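The values are calculated or read from the model by the stated rules, or taken from the named source; none is laboratory data. Keep in mind it's a predicted model, so treat the numbers as computed, not measured. Quick reminder, even Gly has a Cβ in these numbers, built from the backbone with ideal geometry, and neighbours come from all protein chains shown.
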Amino acid sequence: MGAYQEFHRRSIEERDAFWSEEAKLIDWHRPFDQVLDYSRPPFARWFVGGLTNLCYNAVDRHLAARGDQKALVYISTETGQDCSYTFRELSAEVNRCAAVIASRASGAAIAFSFTCR
């Protein structure tokens, strides 16, 4: 069986063990107590009791070792437009957006647009 097929099989047949192992690949502020609560189908709660920071895991923790590597690549087959952001550039954009949100703590909706260079 190929690597992908085995990976997929485990995610289905050994769900809790598989996702518990995968969850160790990210940083947690507070570890989860339960991988999946599926007591109210079709509603599922993943990593119950856990607390993590998605932005830190996706961007910030990569800055030191991979700051100049591509983090986000956009390719549009409809417009022919493409662009990319390094981890450092993406971090700057995320911080810019966070500053706007912090300055508008009124709860009003805010829309962001990233312009490809």
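Taking the stated definitions as given, is Ala109 assigned to a loop (DSSP other than H, G, I, E, B) and at pLDDT below 95?
In short, yes.
Annotation note: Cβ proximity below 8 Å between a residue of segment 1-19 that is within 23 Å of Phe47 (Cβ to Cβ) and a residue that is in a loop (DSSP other than H, G, I, E, B) (sequence gap 6+ or interchain) occurs for Arg9/Met1.
Scanning segment 1-49 for residues being part of a strand (DSSP E or B) and under 27 Å from His62 (Cα atoms) gives a total of 5.
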